[in-house]
Amino acid sequence: MTELAEHVAAVGRPLKRKEDARLLTGKTQWTDNIQLAGALHMAILRSPMGHAKITKLDVSGALKYPGVEAAYGADELGDLNGSVPCVWPVTDDMVAPDFPALAKGEVRHMGDCVALVLAGTAAQAADALEGIVVEYSALPAVIDMEEAIKDGSPLVHSDKGTNKCYTYKLQPQGDGAYEAAKAKADVVVKRRFVNQRLIPAFMEPRAVVASPMGTSGELTIWSATQVPHVLRVLLALVTGVSENKLRVVAPDVGGGFGGKLQCYREEILCVALANKLGRPIKWNETRSEDMMATHHGRDQLQDIEIAATKDGKLLGLKVDLIANMGAYLQIITPGIPLLGMFMYPAIYKMDAYDFSCIGVFTNTTPTDAYRGAGRPEATYAIERIMDELAHELGMEPMELRKKNWIKHEEFPYTTAAGLTYDSGNYEAATDKAMALFKYDELRAEQVKRRASGDKVQLGIGISTFTEMCGLAPSRTLGALKYVAGGWEHCTIRVLPTGKVELVTGTSPHGQGHETAWSQIASDTLGIPVDDIEVIHGDTRTSPYGMDTYGSRSLAVGGQAILRAGEKVVEKARLIAAHQLECSANDLEFDNGVFRVKGDPSKEKAIQAVAFEAFSAHDLPDGLEPTLQAESTVDPQDFSYPHGTHLCAMEVDTETGKSTIRSYVCVDDIGIQINPLIVEGQVHGGLAQGIAQALYEGAVYDSDGQLLTASFADYLVPSAPDLPSFVTDHTITPSTTNPLGTKGVGEAGAIASTPAVINAIVDALRPYGVNDVPMPALPMTVWRTLNAARQGGK
Amino acid sequence: MTKVSITVDGVLHESEVEPRTLLVHYLREQVGKVGTVVGCDTSSCGACTILLDGRSAKSCSVLAVQADGSSVTTIEGLAGDEWHPVQAAFKECHGLQCGYCTPGMVMSAVDLLSENPNPSEAEIREGLEGNLCRCTGYHNIVKSVALAAETMKGGK
Amino acid sequence: MIPSKFDYVRPNSVDEAVAALKAGGEDSKVITGGQSMLPLLRLRLAAPSVLVDCARIDEMKGIKDNGDSVTIGAASTHWDVLNNEIVKTHVKLLADATATVADPQVRHRGTFGGALAHGDPAGDLPAVVVALDATFEIAGAKGRRQVTAKDFFVDYFTTAVGPDEILVSVTIPKLGKGWGTCYEKFNRSANGWAIVGVAAAVKVEGGKITEARIGLTNCASVPVRASSVESALKGVSASATEIESASQSAADGTRATSDLGADKEYREHLMRVLTARAVSCAAGA
């Protein structure tokens, strides 16, 4: 046997990532790296129009181009033209239009797929698109959500007779409860917030290779996806290819942020065509395609009203959303606002909550999950209006929060939205954040700068956020009409040589699961981290899973790892007891070694047990050979990370330019498996949330032209646009899972946006500014300031 | 087709290319250097950054024919027997997550430090402005480059 | 995305290049660094039949000190320019503005002449050469001609360089003693184009401004001079308040447009604010 290294406790240590070796040396396996003999490259002709009838489509010209083997419009594609699925019909009467992979006679957003070419090289395919003849007759486009739901608006889907997708209501305290609470209020503040449309802009553009493999009729699909398991089910349903003939592989995947949580048109087309032609089909998108054809995020109009007593006690909250679905529904498009629905009451106690949402179709790219998915929108609205309420009441904004938040001794606490938060300590996180931030000193400087009329004003923004992670108990998802479950799977195999294979159903695309999952299993099994190999992202080798999104991988998948590991140890204990000739109860298990209580000279390492389980020469009667176990865990409940984020902003009142001076956050995500990875997740989330506040926004003109269709116009921040962050944490373990973890993937993105905007508004409050639209680009801030100054005169 | 002669990671390659072939496609598809990746089509993201005759360049914005006679270093040719200090520092400081921007980010950092061995935080940030990262918020990338600068001053 | 097909030639001299352009017909284009050209090719917004690569023509490279002026070869890279001692000493404004062009990778490849001949009003360098009254040497089938900065920029992406001509070099007069300069650039994000840029050169004698030259980036279809501010500054003391007041006419004579980055009103506002800042900085106020 190989020599075995000793196990050292791994959970909680900032171990360097296993993944980095290949990522730092260019030895990665991106989907676009896969070059198969005989592959055909797919290029797609996309609609340049926001809304139009296709009056003529002739793809035959493309066939005359060198290297072209086939060209298809919807007519030529026929039955192979599958429809993009939506798995979350949020209401029984939801309007769900057909979303064919290739448009049938009508295009409904810029980027809609019109026709495709298959050629020997990518360049040949791109050239041949120019041979396709297509004529459009423009139809009136509808971009504005409020226009879309007015009578007489142009219709995105004329056969549906309406642009309303659904209306959803939640009144946990009953109809009229909010009005009753409001009647008792001394102060009511109402605001309209626009949570603008964002583009995920993961760095690796989407790519798909679909290829017949071997002799069994199997079709292998490599895709830059977050959800290989979900994708396999959906591709089977959509294309009719038998599920057990489909193998979906997510190789190295370069970011997703929800944008690769999808069953995309291009994936359907590649699979259908590879299956029909018996040839590998490869497609990789250009960034320009990505900007208009990858789903977008956010895009909600938020009418929010909050009622309070004059001494600042919250009474009720009413939220009326209009949410942009875009032109079609994709995988969970309609459900995104519902993920936010539960979070508007946030960390605050109140008597009544009233929520409604209208989903609306427009001639824009479909929306769907983007980092936080509904929760950033909710957090933005509540944290913004808390500042506005504080201003109305003449209270310090943090004091208003303290007065209303759930105290740490009050957990578990059932909120007005009906969720039961298991744990939290808002006081501790806030105290720590305010000390790190030097809150009082900054407030003092702010007073001075206001008094001196400094051209550069200082503002302080607060966000005391919470969110829900670990989507979700399957029953809860069922009650919300979500089609799939919320469980996660893990198999752990201890091999004869003592090395471990950990098979997970989560599908990392940058999160570092290979490292963190090894840490969990290492402590459970007492086997060193480096002896554990994490297998993921391939439905042949990791057949069960629900993949990675919604900060679920640790909160749910971690439990499956723990449970599978425990099962392995239970089995190993039986074997060890048998061989050490004692009762299983007489064995202690510590650091990977079973020892007989009271006779520590009698011991057996778990790796040695694994060999015994393999040779199977001397196992207890009835016990099966091999040392492995699997576990599928359905979570008991959501988990609720929280934190306090503080932003100090300098606003140049001459140019409107906002510059972050300092950003401090203290997050409580429960038990941390790898603090290095945790910190990285927080940083990245902060950057995306700050980007929403300051830089990014997808803009359409009234004809449906996406004006921000490249990185030259859609402002993903680069290094000089962002500050270094001060991050810290408190640890209040979750009580609803045995690891005590909560989830961290989205925290930064959820929390930071309102902190930043609150800071800008705070800086400009003396001028009469009480809101700034996002993104708060300099011109927007300058205009807002001008309007407030004129309004004040 | 045009004949080009380009040294890639120390190995001379003589190839026929279409004049329109981008250097990055030449590297990936003809030389097999798939460590260098494409992230955009507007010369914005820098994921494709390589060293061209010792200076950073975006290989998506250079034609292979323009690089005729030149020497290219990609992420795959950066390490010798040991990793380059920049690679080591990125691992040490967790300066990468998904890793897609990483080859370009590392090559830009190598170039930055060759021009300015002792950069301030602001100079690091400005020196990396041609590279987008969506995962890290740049915080740990900046730390990585600062650490690499320290290492390179100390040891090499 | 992949460019459309084209032919490629790499001449060794300006004469050969001119001949190649002529032979290639009207769809032939000059390329040097290609940093503006490549994105256009990739998005298929440009589809030349022939690219004439002038990057390796010796005559178009190098930076020369002529005593009272500096001549910069059009194929000099931004990197060459901003690290050149002659430029840093005698045309500091150009070095400072060049340091703000795009990003390091683009500066390594992109060329000074290419950026000017591209004629993008949002480019940083046109305002500088306009402020400094540079002279452009253009070669064509009929020989060489000299064009002043004022006449070089014709319209959006259109310069005095004809389809069969090549920009060979640019000569910039030195400013001499008593001059200070500053390039003030304002953009929405660090790697974005200038919303407005102000290139200012100011001569201060005895605490008073005696002469000012101000070029504006992205304020019209071509780079323009803020002439009325230049006049208004003459004789005022080099103090922030007086400069601010003189800068109020910065938008006079400009033809700012509205786009995604900024509307006309905001652009004009920025012209005033940034002109004051650039002049103050140049004047050491």
Based on the Cβ-Cβ distance of C:Lys234 and B:Ser114, what FRET efficiency does E = 1/(1 + (r/R0)^6) give at R0 = 45 Å, to the nearest 0.05? 0.45
Packing-based order for A:209-217, A:525-533, using average beta carbon neighbours within 10 Å, highest first: A:525-533, A:209-217
Quick note on A:Val596, A:Val503, ordering by fewest other C-beta atoms within 10 Å, gives A:Val596, A:Val503
With springs connecting C-alpha atoms under 10 Å apart, model chain C as a Gaussian network and identify which of C:Leu216, C:Leu93, C:Leu40 has the largest mean-square fluctuation. C:Leu40
Mind jotting down the distance between the C-alpha centroids of region C:131-166 and region A:666-744, whole Å? 48
Of C:Lys185/C:Lys208; C:Lys29/C:Lys150; C:Lys61/C:Lys185; B:Lys3/C:Lys61; A:Lys349/B:Lys143; A:Lys448/B:Lys143, those spanning more than 31 Å from alpha-carbon to alpha-carbon: A:Lys349/B:Lys143; A:Lys448/B:Lys143
Rounded if a/c is under 1.5, else prolate if a/b is larger than b/c, else oblate: which is region C:179-283, with a ≥ b ≥ c the root eigenvalues of its Cα gyration tensor? prolate
Tell me, how many Å apart are the Cα centres for region A:449-489 and for region B:73-148? 31
Peptide-level mean, for A:285-293, of C-beta atoms on other protein chains within 10 Å: 4
Given a Förster distance of 60 angstrom, what is the FRET efficiency for C:Ala23 paired with A:Phe411, based on the Cβ-Cβ distance and rounded to 0.05? 0.15
Rank-order A:495-501, A:236-242 by packing density, defined as the average count of other C-beta atoms within 10 Å over each peptide's residues, highest first. A:495-501, A:236-242
Report the full-extension gain for the segment A:Thr91 to A:Arg450: residue separation times 0.36 nm, less the Cα-Cα distance, to one decimal in nm. 124.1 nm
Out of B:Cys40, B:Cys133, B:Cys93, a Gaussian network model of chain B with alpha-carbon springs under 10 Å gives the largest mean-square fluctuation to B:Cys40
Pull up all non-local amide H partners of B:Leu132: gap of 5 or more, or a different chain, and H-to-H distance under 5 Å with H placed in the peptide plane. B:Gly46, B:Ala47
Those trypsin sites (Lys or Arg not before Pro) from region A:91-200 that are DSSP loop and have at most 11 other Cβ neighbours within 10 Å turn out to be A:Lys150
Over the protein assembly as shown, what number does the Rg to Rh ratio reach, with both radii from the alpha-carbon atoms and Rh per Kirkwood? 0.98
At a 10 angstrom cut-off on C-beta neighbours, averaged per residue, how do the peptides A:369-375, C:278-284 rank from highest to lowest? A:369-375, C:278-284
Considering every residue in B:58-65, what mean count of other chain Cβ atoms within 10 Å of its Cβ is obtained? 6
Inter-chain Cβ neighbour average for residues A:719-730, partner chain, 10 Å: 6
Can you spot the aspartates and glutamates whose alpha carbon is less than 15 Å from A:Lys18's alpha carbon? Ignore those fewer than 8 places along the same chain. A:Asp252, A:Glu501, A:Glu514, A:Asp530, A:Asp531, A:Glu533, B:Glu92
What FRET efficiency comes out for A:Glu76 versus A:Lys402 if R0 is 56 angstrom and r is the Cβ-Cβ distance? Round to the nearest 0.05. 0.30
Filter the trypsin sites (Lys or Arg not before Pro) in region A:545-613 down to the DSSP loop ones having no more than 16 other Cβ atoms within 10 Å, then list what survives. A:Lys597
Rounded Å value of the spacing that divides the Cα centres of region A:101-166 and region C:45-84: 45
How long is the gain from A:Glu243 to A:Asp728 if the chain were fully straight, where each residue apart is worth 0.36 nm and the alpha carbon distance is subtracted? 170.0 nm
Per-residue Cβ neighbour rank within 10 angstrom, fewest leading, B:Ile6, C:Ile63: C:Ile63, B:Ile6
Going through region C:180-276, which trypsin sites (Lys or Arg not before Pro) have at most 16 other Cβ atoms within 10 Å and a DSSP loop state? C:Lys234, C:Arg255
Expected vector for region A:569-582, Karplus 3J(HN,Hα) from phi with 6.51, -1.76, 1.60 and θ = phi - 60°, integer Hz, x for Gly and Pro, equals 5, 4, 5, 4, 4, 4, 5, 4, 4, 4, 7, 8, 6, 9
Any lysines with Cα under 26 Å of the A:Lys481 Cα? List them, leaving off those in the same chain fewer than 8 positions away. A:Lys160, A:Lys164, A:Lys169, A:Lys260, A:Lys318, A:Lys742
Hey, which lysines would be in cross-link range of C:Lys203, C-alpha to C-alpha under 17 Å, not counting anything within fewer than 8 residues on its own chain? C:Lys92, C:Lys174, C:Lys177, C:Lys234
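Taken together, the values in this text are just the output of simple stated rules run on the coordinates, not laboratory data. Keep in mind the model is a prediction, meaning the values are calculated, not measured. All Cβ positions, glycine included, derive from the backbone under ideal geometry; neighbour counts span all protein chains shown.
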